[in-house]
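Read the figures in this text as sums done on the coordinates, not as results from a lab. Keep in mind it's a predicted model, so treat the numbers as computed, not measured. Note that each Cβ is placed from the backbone with ideal geometry, even for glycine, and that neighbours are counted across all protein chains shown.
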Amino acid sequence: MPIQRLFIANRGEIAVRIVKAAKELGITTIQAHSDADKDMLAVRMADEALSIGPAAAKDSYLNVDRVVEAAKASGADAVHPGYGFLAENAGFAKAVTEAGMIFVGPAASTIERMGDKVAARQAAEAAGVPVVPGSKGRIETVDEAAEIAQAVGYPVMIKASAGGGGRGIRIASNEVELRELAPMAQAEAKAAFGDGGLYLERAVASPRHIEVQIVGDGNQAVHFYERECSLQRRRQKVWEEAGADCLDEATRDKLCQTAVALAEAVNYRGAGTLEYLYDPGANEFYFIEMNTRIQVEHPVTEMVTGFDLVKEMIRVCGGEPLSVSQDQIKRSGHAIEVRLNAEDPFMQFLPFPGKVERLKLPEGDGIRVDHFMYEGYQIPPFYDSLIGKLIVHGRDRADAIAKMSRALNSLEIDGLKTTVPLHKALARDADVAADAFHTQWLEPWLDAGNLSSEQM
C-alpha cells in the first residue's frame, strides 16, 4: 500500500527537502519539531506539525520513544528519518515497524549489519567487493591490534566498529603510536556510540574519497553513478562533486557495479551510499563503509542524472518496485555542492548561530539552493551548524566551478558568519581547478594561510 501520511523525524534543510518530495507525490506531511524548532521552515511548509520535546536533541530528535509515540499519535503510516539523528539507528527502525508504520529506509537488520563496519566489511568481501587490507573482525585489546597491524603493515588507521562521521579514528605509524592511540580511539568510540569495539585498516596514502549512490527495492538495486568527496576538514565533507573526474570509464563502471552487487547481496531497500577509498597511483579502490540513508550530498547526483532520489526512496519503501532500470540512468555534465555552515571560517570554524537579517539566493539555470532559512529566522544553537547547500550544474567540471564562483558571489546571508568565504577561496584555487587534491589536502591548505579575510 502506498504511503499516505508521512511523519518527518528530522529538521533543517533535509526536512524541507522531504516535505517537498512527499507533497509532489500527493502524500500528507507531518513535521516533527523540538520546542526550539517550532518556527523552522519545514514546520511552516508541512501540512501538519507536532512537538516531540525540548530543544536538547537527546530529549527530542534522539528520543526513540517520543518520536514513535508522536508518529503514532499523528496517524502517520510511515516515518522518514532523513539523515543524522536516528536515521541509522536499527532500534528506531525496529520500533517504527513494530508500531505498525513503514520505516522509510532499509530493514532494521540491514542497518545493524551494514552500520557495523566489521560486519559491512565481511558482507563486502562475501559479495566480491575489494576492501582495504585490515582486521577480519572486531578488536577488543591493544595487544590484538598490535599483532594485526604487524601483519597488515604500517601506517594503520584505527577505527570505531560502530558509528561514523570520523569519530574514533586515529592513524598510527608504528607500534608505539598504536599502543598510545588505540585506547584513545576506544574511549571516543565508547562515548560517541556506546561501543568501544575497534578495527584496523591499512592507511592508504593521499587517497580520494569516492562514493556510489544506490537505490534498492529489497530485490533489485540500481546505481546513480559516483560522487567525489575528498575535500574534507576533520573528516567532514565540505565540497562534493558528481562525478569523479579522477576515474576512467572502466574503473567507474567496475566501481558502480560492485556497489550494486553489495546492495543486492543484503537485499537493500531505500536509498544508500557505498563509500570507497581510491588510490590514484595504483588505480585501485577499496570499500570502507555503507551509509544506510539519504546523504547530505545527494543533490549533485540528482543534478547529473535528473532523478529525484528522495521520491524514489519513498516509493520503494512504500512497497513499490524500482521505477527505473539501470539502462535508463544516464549522467550529463558535472555538479558541485558546497555545504553552507553557520561557522566563522576565520575563527577556527567556530559555530555562529544568529538571526538571518537578509537573504538573497542566487538564481539561474543549473543553480539550486537547499536550505531552511528565511529573513528574520533565528538559527537555534542546539544542533549541527549546516544551514544549507549551494548546488550548481555545468557542462563540465570547469564550467561548474565557474558557475559556483558566480553563485557564491551573488549569495547574501546577512546576520550570520558562514563558510561562504572558504568556498569562494576553493573555487579560485589552482589545485582545485586541476582536480589535484585528496582527503588530507584541505587542512594543510588552511594551515598555510590560503583562506584570508583580506581576499574576500
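Under 19 Å Cα to Cα from LYS117, which aspartates and glutamates show up? Leave out anything in the same chain fewer than 8 places away. Within reach: GLU88, GLU125, GLU140, GLU144, GLU188, ASP195, GLU201, GLU211, GLU264, GLU275, GLU289. Counted over the range 341-405 with a bin width of 10 Å, the fraction of Cα pairs per bin, in whole percents, is 19, 41, 31, 10. Beta bridges assigned by DSSP with both partners in the chain are antiparallel in approximately 80 percent of cases. Listed by chain and number, the aspartates and glutamates whose alpha-carbon sits under 14 Å from that of LYS20, ignoring those within fewer than 8 places in the same chain, are ASP47, GLU48, ASP308, GLU312, ASP370.
Within the range 208-455, the percentage of alpha carbon pairs spaced more than 35 angstrom apart rounds to 15%. Cross-link pairs exceeding 19 Å in C-alpha to C-alpha distance, out of LYS38/LYS58; LYS38/LYS94; LYS58/LYS311, comprise LYS38/LYS94; LYS58/LYS311.
Around ASP414, what is the net charge, scoring Lys/Arg as +1 and Asp/Glu as -1 over all other residues with Cβ under 13 Å from its Cβ? Result for the neighbourhood of ASP414: +1.
What would the Debye formula give as log10 I(q)/I(0) at q = 0.12, 0.13, 0.14, 0.19 Å⁻¹ for the alpha-carbon point model of the range 37-178, no solvent? Here log10 of I(q) over I(0) equals -0.66, -0.73, -0.79, -1.09.
For the chain, the dipole from Cβ point charges (+1 on Lys and Arg, -1 on Asp and Glu) about the Cα centre works out to 620 debye, to the nearest 20.
Screening the chain for whole DSSP H helices with an alpha carbon extent of at least 18 angstrom along the helix axis and a mean Kyte-Doolittle hydropathy of at least -1.0 yields 12-24, 175-193, 249-265, 397-410. For the peptides 395-401, 360-366, 203-209, the ranking by mean Cβ contacts within 10 Å, running from highest to lowest, is 203-209, 395-401, 360-366. Legend: translational diffusion of the range 136-252 by Stokes-Einstein, Rh = Kirkwood radius over C-alpha pairs, 4 °C, 1.567 mPa s; D = 81 µm²/s. Straight-line reach from LYS424: taking Cα to Cα under 27 Å and skipping same-chain neighbours fewer than 8 places apart, the lysines in range are LYS237, LYS355, LYS360, LYS389, LYS403.
Dipole magnitude for the range 133-202: about 260 debye, using +1 per Lys or Arg Cβ and -1 per Asp or Glu Cβ, origin at the Cα centre. Pairs of Cα atoms in the range 159-315 fall into 10 Å distance bins, from 0 up to the last occupied one, in shares of 10, 35, 35, 17, 3, 0 percent. Taking the alpha carbon gyration tensor of the chain, multiplying each eigenvalue by 5 and rooting it gives semi-axes of 31, 28, 23 Å, largest first. From the alpha carbon centroid of the range 270-296 to that of the range 382-451 is 22 Å. Taken over the C-alpha atoms, the range 393-451 has Rg and Dmax values of 12.5, 35 angstrom.
Here's the picture: charge each Lys and Arg Cβ at +1 and each Asp and Glu Cβ at -1 in the chain, and of GLY354, VAL43, ALA126 the one pushed furthest to the positive end of that dipole is VAL43.
Placing unit charges on the Cβ atoms only, positive for Lys and Arg and negative for Asp and Glu, gives the range 208-455 a dipole magnitude near 480 debye about its Cα centre.
Positive-end ranking of SER173, LEU411, ALA71 along the dipole of the chain, with charges on Cβ about the Cα centre, is headed by ALA71.
Secondary-structure-derived ellipticity at 222 nm for the chain, considering helices only, amounts to -9500 deg cm²/dmol, per-run term -39500 (n - 2.57) for DSSP H runs with n ≥ 4. Taking the inverse of the mean reciprocal distance over all distinct Cα pairs, the Kirkwood hydrodynamic radius of the range 133-202 comes to 11.4 Å. What separates the Cα centres of the range 339-375 and the range 186-224 is a distance of 28 Å. Taken over the range 5-104, the ratio of Cα radius of gyration to 2.2 N^0.38 Å equals 0.93.
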